[in-house]
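Take a look at the structure set out below.
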Amino acid sequence: MTRLSMPSDRPSHWLSYPRFVGRSLRLATDGPRSFYVWMTLLTAVFLVGANAWANQVAHGMILTNMTDHVSWGLYIANFTFMVGVADGGVMMVIPAYLYHDRRMHDVVILGELLAIAAIVMCLMFVTVDLGRPDRFWHLIPGLGRFNFPVSMLTWDVIVLNGYLLLNLHICGYLLYMRFLGRTPNPRWYLPFVMLSIVWAISIHTVTAFLYCGLGGRPFWNSALLAPRFLASAFVSGPAFIIITMFALRRIARVPLPDGPIQTLVKIVRVTILINLLMVVSEVFTEFYTGGTHTSSAHYLFFGLHGFNGLVPWIWTAIACNVVAAILFLHPAALSRMWVVVLACAAAFTGAWIEKGMGLIVPGFIPSTLHEIVEYAPSLTEWKITAGTWAFGLMVYTIALKIAIPILSGRLDGYDVGADDDASGAAPAS
Amino acid sequence: MTDQQTTISLPVLGEVSRRTAMKGAGATLGAAAFVAAIAPLRHLGESLTADEFMQRHYKELSAEDKRAVLARLEAETASEYGAEVRIGDLRPIPGTKFVYAINLSVCNGNGACVEACHRENNHDRATNQSYIRVLEMPKGTMDMEQGNTTYQHPVPADDRFYMPVQCQQCDEPPCVDVCPVEATWKEDDGIVVVDYNWCIGCRYCEAACPYHARRFNWKAPEVPAAEINPDQGYLSNRIRPQGVVEKCHYCLHRTRAGRLPACLEACPTGARVFGNILDPDSDIRWILEHKRVYVLKEDLGTKPSFFYFFDQ
């Protein structure tokens, strides 16, 4: 259709940016049948979650299985884990920008887009955990009363939203420039990329400080918490990206090179061992010392006074982590796809349990008065959690859908109409 | 152009337009389904008035604002609970710092304080909520791990002592530090309060408190009109909204008017002592000066305004 005038004319951004948005919208909503099936499925799950949340707001959080004893549950567990996933993308940014790995540079946006989707999920998980989401504005600096810098939660609000904005800017700018056919000006993105590396570390550090700063909760009150969070984030994030890259190759036929995948595998080989070392270090300190400060760890790993609701969870996590470590370290991890995919899936699941339910819930069991009240999520909590995951996956799918054609130059210009059928038909077969 | 294609969605229009039409239909269906999914929120929209939504933080309310807020809350209690109540807003008495002490040699775990708190503070009836928990402890240990809060037998049991725990009104309250919206703070007379109309319900304070002093309203409290205590305070025992955190406030609607906390008045053993630590002639001052008192979890540095002691 309309060809944009030559770059030398430098058309106004007021004209070209809406065109970029329109084109992105097209890319986001066009695809083969498998794409529609996938999106419809996600929408359905999201709607179930939205409905469960609306009911929870209307009738109260009595619909969850949380209590005054275990006052945070599945939502905050998933929130904590997703901060780690958002962090993981930085393991692509560092090789790409600090070590000038060219091939990683070409695909680094997969990690930055994942960060966006993950942060969106984080914000949703915190929102669904609020008893009064209608009072959300009390948290907005200037409008409400923002207890900064004393409350670590206000720090988290700043770093999470900041990280979201940073990645939106970096991805948005690069895609827009590629859309215009111009070379991105490093001045407009490199400083932000460098900042995002530091910032990525900050989001998980601050999130760990939420918990480890609480003197009344000995299970969390450990200086190792923030480093442990980072180590496991650098396992779960790359694991998710590796699986995504294989999926894009297989399902969407995007010609992704092997190099970045191998780089990520090599990174995880180190981080997964650091993570296991930290777990061992923490477990040793707890059990060798003994005493009532270690009751939560006892409850988590072996059960306490006949209560053992989390024992199957944590041993599943440990099994996943150990299997993943062995698979990643095996030479086949660099050559056989199924080995890597299995390793990634195991590592991802292990981290989800260990840093989710395995971290949040034992902090409350036994309670500060040493009462034991167990917790297992309710159906409402599972629905809302699934809905949030579905929404996050939708965001990531759409982001990839927009980014990949623009980046790979498969649809380099503006004749979307002509390309529509071609792009629609090819991957479907 | 797009509109046209959406409205005339005949297959004869060809591949592109049919696809566009399908997309339009899909988007419409999705939007409609979303509206249906979040329909339960309308329930909230009906009960939440603009005044309540826009209400400022307690410390930012002028005297006039406060009057309007209290009148509105009284009217809401009348319409929702069918009870005529008076909601006051007593401020701290200058030169007062309230402190509590419990004599563990005398306390026999009868639980009258728990019950009195439940009634005084208009707690939810079904859940039997209260700000006080009593630990039954074996003599010879101070390790709460050995305590039991759910004992169901005549008291006092042999070789047991009883330790009631409620908000310790810390001078360094971790719950106040962590609140992201300053919905909870320490008043001049030492009482840590919550603005129930400002709390967003994140429950970070509940995680931070080392004494299990905070409670969350998992649902709107249910109290029969006849059982509602009509003597209420904005920062104390008025009926709390759903989805916010609450805690012991040393019955400030009573104590700031010169009365004693309900838990103390109900105690049949005389184990509880309450008063102004700044008053040199007060009972509480005598106890702190002459008894060997201790505080819970002193190692955490929370500096409680709540003390325990033994006679012998």
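The values are calculated or read from the model by the stated rules, or taken from the named source; none is laboratory data. Keep in mind that what you see is a predicted model, and the values were worked out from it rather than measured. A quick note on method: Cβ atoms are made from the backbone with ideal geometry, for glycine too, and the neighbour counts reach across all protein chains shown. Heavy atoms of the whole protein, side chains included, go into the accessibility calculation; ligands, DNA and RNA do not. Shrake-Rupley method; radii C 1.70, N 1.55, O 1.52, S 1.80 Å.
How many residues does segment B:163-205 contain that are among the basic types (Lys, Arg) and over 26 Å from residue B:148 (Cβ atoms)?
From segment B:163-205, those among the basic types (Lys, Arg) are B:186, B:203; that's our starting set.
Now drop any that are not over 26 Å from residue B:148 (Cβ atoms), which leaves B:186.
Of the residues in segment B:163-205, 1 are among the basic types (Lys, Arg) and over 26 Å from residue B:148 (Cβ atoms).
Take residue A:131 and decide whether it is in a loop (DSSP other than H, G, I, E, B), more than 15 Å from the chain's Cα centre (by Cα) and under 30 Å from residue B:43 (Cβ atoms).
yes
When you go through (1) part of a helix (DSSP H, G or I); (2) without any contact (Cβ under 8 Å) to a residue 24 or more places away in the chain; (3) under 28 Å from residue B:179 (Cβ atoms); (4) aromatic (Phe, Trp, Tyr) one by one for residue A:146, which number turns out not to apply?
Looking at each condition in turn, residue A:146 falls short on (1).
I'm trying to understand the selection: among the residues of segment B:73-98, which are in a helix (DSSP H, G or I) and within 20 Å of the chain's Cα centre (by Cα)? Explain how you work it out, then say what you get.
Within segment B:73-98, the subset in a helix (DSSP H, G or I) is B:73-81.
Those that are in a helix (DSSP H, G or I) and within 20 Å of the chain's Cα centre (by Cα): B:73, B:74, B:76, B:77, B:80, B:81.
Which residue is most open to solvent (accessible area, probe 1.4 Å), if the candidates are limited to segment A:149-164 and must be part of a helix (DSSP H, G or I) and not hydrophobic (A, V, I, L, M, F, W, C)?
Restricting attention to segment A:149-164, the residues satisfying the condition of being part of a helix (DSSP H, G or I) are A:152-164.
Add one more test, that the residue is not hydrophobic (A, V, I, L, M, F, W, C), and what stays is A:154, A:156, A:161-163.
Numbers: A:154: 0, A:156: 4, A:161: 58, A:162: 16, A:163: 8 Å².
Per the criteria, the residue is A:161.
From the list A:31, A:22, pick out the single residue that is closer than 22 Å to residue B:28 by Cα, modelled with pLDDT under 90 and out of contact with any Pro (no Cβ under 6 Å at 6 or more places or on another chain).
From the options A:31, A:22, the qualifying one is A:31.
Suppose we filter segment B:139-186 for residues that are more than 26 Å from residue B:208 (Cβ to Cβ), in a strand (DSSP E or B) and open to solvent by 30 Å² or more (accessible area, probe 1.4 Å); how many remain?
Residues that pass the stated criteria total 1.
Return the residues of segment B:109-135 that are closer than 18 Å to residue A:69 by Cα and over 16 Å from the mean Cα position of the chain (by Cα); say none if nothing qualifies.
At the first step, the residues of segment B:109-135 found to be closer than 18 Å to residue A:69 by Cα are B:114, B:123-124, B:126-135.
Passing the criteria: B:126, B:134, B:135.
Please count how many residues of segment B:35-58 are part of a helix (DSSP H, G or I) and either among the β-branched types (Val, Ile, Thr) or touching a residue at least 40 places away in the same chain (Cβ under 8 Å) (or both). Give the steps one after another, and end with the answer.
Of segment B:35-58, the ones part of a helix (DSSP H, G or I) are B:35-37, B:41-47, B:50-54, B:58.
Checking the rest, the ones that are also either among the β-branched types (Val, Ile, Thr) or touching a residue at least 40 places away in the same chain (Cβ under 8 Å) (or both) come to B:35, B:52, B:58.
Matching residues across segment B:35-58 total 3.
Let me spell it out: the conditions are (1) under 12 Å from the mean Cα position of the chain (by Cα); (2) more than 14 Å from chain A (Cβ to nearest Cβ); (3) not in a loop (DSSP other than H, G, I, E, B); (4) not basic (Lys, Arg), and residue B:232 meets all of them except one. Which number is the exception?
(1)
Filter segment A:52-74 down to the residues that are under 19 Å from residue A:217 (Cα atoms) and in contact (Cβ under 8 Å) with a residue 60 or more places away in the chain, then identify the one that is most open to solvent (accessible area, probe 1.4 Å).
The residue in question is A:67.
Which residues, counting only those in segment B:186-208, are within 10 Å of chain A (Cβ to nearest Cβ) and hydrophobic (A, V, I, L, M, F, W, C)?
Listed by number, the residues that qualify are B:198, B:199, B:200, B:202, B:205, B:207, B:208.
On the basis of being away from chain A (no Cβ under 11 Å), farther than 15 Å from residue B:230 by Cα and touching a Lys or Arg at 6+ places or on another chain (Cβ under 6 Å), does residue B:87 make the cut?
Working: away from chain A (no Cβ under 11 Å): yes; farther than 15 Å from residue B:230 by Cα: no; touching a Lys or Arg at 6+ places or on another chain (Cβ under 6 Å): yes.
Taking the combined requirement at face value, the residue does not satisfy it.
If you go through segment A:210-224 one residue at a time, how many are open to solvent by 20 Å² or more (accessible area, probe 1.4 Å), free of Cβ contacts under 8 Å to residues at least 60 places away in the same chain and within 9 Å of chain B (Cβ to nearest Cβ)?
Filtering segment A:210-224 down to residues open to solvent by 20 Å² or more (accessible area, probe 1.4 Å) leaves A:212-213, A:215, A:218-219, A:221-224.
Restricting the remaining residues to those that are free of Cβ contacts under 8 Å to residues at least 60 places away in the same chain gives A:212, A:215, A:221, A:223-224.
From what is left, the residues that are within 9 Å of chain B (Cβ to nearest Cβ) are A:215.
Of the residues in that region, 1 qualify.
Which pairs have Cβ atoms under 8 Å, sit 6 or more apart or on different chains, and link a residue in segment A:347-374 that is more than 17 Å from residue A:308 (Cβ to Cβ) to one that is polar (S, T, N, Q) and assigned to a loop (DSSP other than H, G, I, E, B)?
Qualifying pairs under 8 Å: A:369/B:149.
Report whether or not residue A:17 is within 11 Å of chain B (Cβ to nearest Cβ), of a type in the set (Ser, Thr, Tyr) and in contact with a helix residue (DSSP H, G or I) (Cβ under 8 Å, 6 or more places away or on another chain). Even if it seems obvious, please write down each step before you answer.
On the way: within 11 Å of chain B (Cβ to nearest Cβ): no; of a type in the set (Ser, Thr, Tyr): yes; in contact with a helix residue (DSSP H, G or I) (Cβ under 8 Å, 6 or more places away or on another chain): yes.
For residue A:17, the condition - within 11 Å of chain B (Cβ to nearest Cβ), of a type in the set (Ser, Thr, Tyr) and in contact with a helix residue (DSSP H, G or I) (Cβ under 8 Å, 6 or more places away or on another chain) - is not met.
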